[in-house]
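All of the numbers you see were taken from the coordinates with simple rules; none came from a lab. Not measured: the values here are computed from a predicted model. FYI the Cβ positions are ideal-geometry reconstructions off the backbone, even for glycines, and counts take in every protein chain you see.
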Amino acid sequence: MKTYLTINKIFVHSEANSKSFFTDFGKKLNVIYGANTSGKSTLIQLILFTFGINDNKTKLTKILSEKILTRLDITIKKGGENTEYTFVRKDETIYIKDSETNKVTTFNGISGNNSVEHYKLKAFFNDLLNFDLLLETKIGISKAPIETIFLPYYVSQDVGWVYLRKSFSNLDFYKNFKEDFLDYYLGITRLEDKEKRKAIENELNEKIQRYNFYMNFEKNDSIIETSKLIDDSFKGKGQEFINEITERKKNLLQFENQFVKKSNSLTYNNQRISVISKVGRNHAHQFPGKDNCPICQQTLPIDTKQIYEYYQEENDTIKIKEQIQSENKKIQSELNSLENKIQQLRGQLANDYHKHIIYSNNNVTLDEWIKTQANIKLESSINENIGKLAKEISDLKEKLKAFKDDDDIQSERMTKNKKFKEYYNLNNIKLDVPRLDDNRFNYIYDLSSFPFQGVELHLAVLSYHFSFNKIINETDSIHRLPLILDSIFKEDLDGNSKEKILDFICNNQPNDTQTIISVADNKSKDPKIDYYNEKFFNTETKLICIGNSIDKESILKQHDKQLDEILNNTFEIMEYV
């Protein structure tokens, strides 16, 4: 689904100097004319400036010094629906109002291309025009700058008629800019798809290398083969030996745990006997009515109850000592039994280990067999990895089928090259540009400069841009903007060449978008605009005069009260809360 942008009108105002400029635009061809240095290029630069492009600020230094605000009213056609937008720019701030919600979106601080607000503005444009070109920098992949939205549709006055893709500066900063730029606008592939394909290819190559390594390792490693033979010699016997040893070690661990617990119980009982013995000795010197209290040294009171309790405690102490001693005897017996069992199991394990180690089958010992088990496990792991990698390799190859490979891309580029050459050669015939058979000067992916000078170079560039515009129009989902050609007449062009250019533009202008051109025409020096209008332009052509076609640097004039309504409305947009 294509998105179309149409410029309806522009308003420029200097509140400090009470000066203004206003013009509306036609739906087809728009011709901005005036004397040299009158402000024709300035008007075009202000259009781009209002959209948030900062590349041309130095060219606008003088008019920006008048503290101007600029306003563009545009129409966006998307999916058959039209939405009106108003862009207002004042220094570093852009205000955008849309007719659907009547809300104003503000971007503050957009004069720096790396500012957060400028990134937000770029995201707004990307969404507005369904634009998602990605470009490659030294640090990775990033969204293309706003300039690349306008680049296919704009030829600048200074370098645009000499170099291709140079109407905005600093785009060579991006790696492989020409290829990625052309691929996007010609609908071949996107950098994001290339990066995804490259990542999958890298992952696939890495897994294939690992797969081949495992296959060759298993095939060529003699240790694994020997380990498999040894394992075959023992079959279940080795595992039988291991099971016997494991069972005995398990029993030994149980006996050792019991021995520790019994030893702890014996120690605890011995400590209890020690305490009870001390209590009994002290108790013998505390007979009621005879001995003194160990604390206050007073004679202990005597009565029948206390004498009874005295003998009862003495009997209890003796009884407890007897019980603990009896229990200790039993525990010691159990400890002796456990110790015998432990010693016996340890001896059996030592004998079993020696017996198993010297056991052999076909001159292979158990010790050797045990050492082979790590290799057997390694082989099992390798086999598991081989199966897993084979599945992953198959899945990655299936994913790659969804992407264009280098051969596919080159094939599609060649198709576009041939289509462009067809359009380009037809335009060259119309403009009398010399024919060249070398594809370096006919294929769009090869073209970077032209082997021409002067008028021929100017005409070749004009032919190129109309051919490029036509082939872009054949690409689905690419946004369509007005074709803006600044200063279509070079100073050294003769009258016939100028008429040839105008005739070509009028007969080959895009049918689906506006075309905006600027021409130098001085009313006091052989004016031609009326002649051009009568001979080449039709009733749909909009003529926009700058400075009465005489004055220089005259885009701003004294503010006309008839513009108060648009001025007040512009202030209301800027004051929206």
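For the pair ASP494 and THR61 in one chain, pulling the backbone fully straight at 0.36 nm per residue adds 152.6 nm over the alpha carbon distance. Listed values for the range 153-165 are Karplus-derived 3J(HN,Hα) couplings in whole Hz (6.51 cos²θ - 1.76 cosθ + 1.60, θ = phi - 60°), namely 10, 9, 10, 6, 5, 7, 10, x, 8, 10, 10, 8, 6, and x replaces Gly and Pro.
Rounded, prolate or oblate, given the Cα gyration tensor of the range 40-167, with a/c below 1.5 counting as rounded? Since a/c stays below 1.5, the shape of the range 40-167 is classed as rounded. Pairs from the list LYS77/LYS430; LYS78/LYS470; LYS19/LYS97; LYS67/LYS528; LYS28/LYS97; LYS166/LYS418 with a Cα-Cα gap above 28 Å: LYS77/LYS430; LYS67/LYS528.
Mind scanning LYS143/LYS175; LYS27/LYS90; LYS57/LYS90; LYS262/LYS330 and naming the pairs with a C-alpha gap bigger than 22 Å? Where the Cα-Cα span goes over 22 Å, the pairs concerned are LYS27/LYS90. Given R0 = 25 Å, the distance between the Cβ atoms of ASP437 and GLN410 translates into a calculated FRET efficiency of 0.70. For the range 441-577, the Kirkwood estimate of the hydrodynamic radius, built from every pair of different alpha carbons, is 18.2 Å. Once backbone amide H atoms are built at 1.01 Å from N, ILE484 has TYR154, VAL155, ILE516 as its partners under 5 Å, excluding neighbours fewer than 5 places away on the same chain.
Working out 0.36 nm times the residue gap between LYS419 and VAL275, then minus their Cα-Cα distance, what length gain in nm do you get to one decimal?
Difference between extended and current length: 40.9 nm.
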